[in-house]
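Below is one structure, written out as structure tokens; comments come after it.
Bear in mind these aren't lab numbers, they're just calculated from the coordinates by the rules spelled out. Just so it is clear, the model here is predicted, and its values are computed rather than measured. Cβ placement follows ideal geometry from the backbone for every residue including glycine, while neighbour counts extend to all protein chains displayed.
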Amino acid sequence: MSAVLSEYGRSWVRHDLNVKVELTHPDGHVQTLELEQLNGAPERFQASLRTFRAGAYTAHFVATGTSLLQKRRFRRECVRTIAVYPPRDCCPPETACASGYPTT
């Protein structure tokens with residue numbers, strides 16, 4: 001999961017930013033993930049999670065900190081839905097995709 005923060009097209013190089021994701025699993029369990037600010041990309045925050053359960057997940061992103069230009073506290077939120085399918089349901093085997101196509 002990743003989030004990109006900017007203000008008027010400028011990235012933040014600040015230490016008071018906090019970005020987290022409240023991830024609701026298909027069974028209703030809620031898990032909180034702290035996103036880490038990436039070195040070399042101060043506007044990008046990222047975290048990884050491996051799951052093997054198929055279903056619909058809800059990701060509630062919450063970013064808090066101080067604005068770059070006006071020095072005011074802020075809170076920004078965004079909600080996204082993530083669908084996880086078992087491999088057999090979404091991706092045919094590579095051999096099936098490659099057969100019948102000319103190679104160069």
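Assorted remarks:
- In Hz, Karplus ³J(HN,Hα) per residue of the range 45-50 (6.51, -1.76, 1.60; θ = phi - 60°; x = Gly, Pro): 10, 8, 8, 10, 8, 9
- Taking amide hydrogens as placed 1.01 Å from N in the peptide plane, the amide H of residue 35 sits under 5 Å from those of 19, 20, 21, each at least 5 positions away in sequence or on another chain.
- Here the label points at residue 33 and residue 46, each 7 Å from Cα along the C-beta direction, are separated by 1.2 nm in the simple model.
- Projecting the Cα atoms of 31, 78, 57 onto the charge dipole of the range 6-81 (Cβ charges, centred on the Cα centre) puts 78 farthest toward the positive pole.
- Contour excess over end-to-end distance, with Cα ends at residue 4 and residue 71 and 0.36 nm allotted per residue: 22.2 nm
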